[in-house]
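Everything on this sheet refers to the single structure shown next.
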Amino acid sequence: MNLKPINTKIRQKTVTKKVKTKKSKTREWVDALIFAVIAATIIRTFILEAYTIPTPSMEKSLMVGDFLFVSKMHYGARIPQTPLSFPFAHHTMPLIGGKSYLEWIKLPYNRLPGFQSVKNNDIVVFNYPMEDFRPVDKRENYIKRCIAIPGDSLEVRGADVYINGKQNTDWPGQQIDYIVSTDGTGINKKILQELDIQDVSPTNAPGEFRIILTKETAAEISKLKNVRSIIPVIYSEGLVPETLFPGDSRHFTWNVDNFGPIWIPQKGKTVSLDKNNIALYHRLITIYEGHQLDITKEGKIIIDGKEVTEYTFALNYYWMMGDNRHNSFDSRYWGFVPEDHIVGKAWFLWMSWNKNGSFAGKIRWDRLFRGIH
């Protein structure tokens with residue numbers, strides 16, 4: 001009997017040992033940098049962003065050289081409408097210039113839920129609405145006080161602001177021009193420095209100066225022995241020294257101290273339109289809300305090919321003014337700010353640098369780490 005040998009195969013298990021490759025120092029630095037850029041971009045876009053004050057339009061509430069954080073959370077952060085952009089650059093590339101963004105992708109306006117809506121007298125950062133040549137979220141950043149919100153009626157009478165018929169709050173930093181007359185001598189520079197008064201211009205009359213002051217500093221200047229009189233400079237009603245919004249001096253004879261009354265458009269609300277008031281709403285209807293508007297020789301208003309006598313707004317609008325009332329380029333000059341231009345709420349100051357101060361007084365210590373009102 002032939003026996004067949006049993007052919008046994010022994011299976012050998014092969015164990016492959018994975019060897020961890022150690023990252024090079026360069027790779028570690030690159031990974032850390034990418035993570036930092038992504039984290040900072042998320043914080044800057046959706047939580048808060050740092051800004052500095054370059055102009056005196058909000059003096060003395062916010063001063064040139066103030067560094068502040070602006071909250072994107074309070075009103076709800078905007079979803080970026082132009083997402084393809086160079087990190088940390090707003091609209092212009094640093095050093096080399098040119099656009100810092102690409103318009104290959106354009107997203108519609110959307111905003112995350114916020115803690116609150118924009119309130120009267122909030123200090124707000126927004127995109128300057130007149131820069132039609134840039135996407136909305138890449139337009140220049142401005143900061144002003146939101147004097148009126150959607151649905152309000154606003155009027156400026158003798159430099160005093162009235163909202164819905166009631167006089168608005170005068171803020172401690174609010175200031176205008178004054179004519180200060182002395183006995184022919186100048187005003188002590190040390191006193192001006194102590195009161196932080198910088199805008200002093202002599203007029204053609206001897207011993208007369210034009211000075212930008214708050215009510216409090218005006219009271220202090222009036223106490224000086226050589227001061228004979230101090231008079232606020234307020235344009236009289238009907239005087240139109242320059243063209244303001246809406247650029248129709250025939251129907252709107254307004255100036256910076258006597259302006260309105262004007263209604264602030266509100267989403268879903270309807271307004272009557274005619275040739276006498278169309279200047280107020282022309283830009284809103286065409287540029288901000290994207291309609292075609294024409295006016296016939298007979299004064300008929302045509303929107304998207306149809307004759308209309310009224311219009312219903314698709315967006316909310318806001319009215320922004322600087323606390324430095326005679327030195328602020330604001331809504332009195334260029335009109336309403338649409339809701340999709342709102343960036344965030346000015347939250348708190350973390351540094352204030354006085355470039356005109358002495359060596360020891362460059363930092364305004366009393367302004368550090370304080371809330372903004």
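What follows draws every value from the coordinates through simple rules; no lab data is involved. Values in this document were obtained by computation on a predicted structure and should not be read as measured data. Counting neighbours? That spans all protein chains shown, and the Cβs are built from the backbone with ideal geometry, glycine included.
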When ranked by the protection proxy of mean other Cβ atoms within 10 Å per residue, highest first, what sequence do the peptides 287-296, 141-150, 67-76 form?
-> 141-150, 67-76, 287-296
Check cross-link reach from residue 23 to the aspartates and glutamates: straight Cα distance under 17 Å, and skip same-chain residues fewer than eight apart.
-> 31
List every residue whose amide H lies under 5 Å from the amide H of residue 344, counting only residues 5 or more places away in sequence or on a different chain, with H placed 1.01 Å from N in the peptide plane.
-> 125
Kirkwood-based Rg to Rh ratio, the stretch 280-326, C-alpha trace | 1.13
What percent does the relative contact order of the chain come to when contacts are Cα pairs within less than 8 Å and at least six residues apart?
-> 20 percent
Compute the Rg/Rh shape ratio of the stretch 49-193: radius of gyration over Kirkwood radius, all on alpha-carbon atoms.
-> 1.06
Mind checking which of 297, 362, 189 has the largest fluctuation in a GNM of the chain, springs on alpha carbons under 10 Å?
-> 297
Got a sec to turn the phi values of the stretch 131-139 into Karplus ³J(HN,Hα) couplings, 6.51 cos²θ - 1.76 cosθ + 1.60 with θ = phi - 60°, whole Hz, x for Gly and Pro?
-> 8, 5, 7, 10, x, 3, 6, 10, 6
Relative contact order in percent for the stretch 175-232 (Cα pairs under 8 Å, 6+ apart) equals 53 percent
Under 17 Å from the 7 Å Cα→Cβ point of residue 266, by amide nitrogen: which residues of the stretch 86-128?
-> 117-121
Which value, in debye to the nearest 20, gives the size of the charge dipole of the chain about its Cα centre, when Lys and Arg are +1 and Asp and Glu are -1 at the Cβ?
-> 3360 debye
Largest-first principal axis extents of the Cα set of the stretch 175-232 (Å) | 24, 21, 17
Phi-based couplings in Hz for the stretch 344-356 (Karplus 6.51, -1.76, 1.60; Gly and Pro marked x) | x, 9, 5, 9, 7, 8, 10, 7, 9, 10, 9, 5, 8
D_trans [Stokes-Einstein, Kirkwood Rh over alpha-carbon pairs] for the stretch 53-116, 20 °C, 1.002 mPa s, µm² s⁻¹ | 148 µm²/s
Which order, highest average first, do 366-372, 309-315 follow once you tally other Cβ atoms within 10 Å for each residue and take the mean per peptide?
-> 309-315, 366-372
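How big is the charge dipole of the stretch 86-183 about its Cα centre, in debye rounded to the nearest 20, if each Lys and Arg gets +1 on its Cβ and each Asp and Glu gets -1 on its Cβ?
On the way: 11 positive and 12 negative charges, 105 e Å.
My answer is approximately 500 debye.
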Taking every eigenvalue of the Cα gyration tensor of the chain, multiplying by 5 and rooting it, what semi-axes result, largest first, whole Å?
-> 55, 33, 16
Cut-off under 5 Å, modelled amide H: who pairs with residue 92 long-range | 100
Would you mind checking which residues have amide H under 5 Å from residue 324's amide H? H placed 1.01 Å from N; only 5 or more apart, or other chain.
-> 58, 59, 175
For the stretch 207-280, the Cα-Cα pair-distance distribution in 10 Å bins from 0, as whole percents, is 15, 31, 23, 17, 11, 3
Across the stretch 261-270, in residue order, what do the Karplus-derived ³J(HN,Hα) couplings come to in whole Hz, using 6.51 cos²θ - 1.76 cosθ + 1.60 with θ = phi - 60° and x for Gly and Pro?
-> x, 9, 8, 8, x, 10, 4, x, 8, 10
Highest to lowest packing among 168-174, 238-244, 92-98, scored as the average C-beta count within 10 Å | 168-174, 238-244, 92-98
Where the centroid of each part is defined by its Cα atoms, how far is the stretch 171-192 from the stretch 279-340 in Å?
-> 39 Å
For every helix of n ≥ 4 consecutive DSSP H residues, a contribution of -39,500 (n - 2.57) applies; sum these over the chain, divide by its total residues, and give [θ] at 222 nm rounded to the nearest 500 deg cm²/dmol.
-> -3500 deg cm²/dmol
Specify the residue with the greatest mean-square fluctuation among 60, 300, 345, computed from a Gaussian network of the chain linking alpha-carbon atoms under 10 Å apart.
-> 300
So residue 228 and residue 120, fully extended at 0.36 nm per residue minus their Cα-Cα distance, gain in nm 35.1 nm
Hey, which aspartates and glutamates would be in cross-link range of residue 223, C-alpha to C-alpha under 12 Å, not counting anything within fewer than 8 residues on its own chain?
-> none
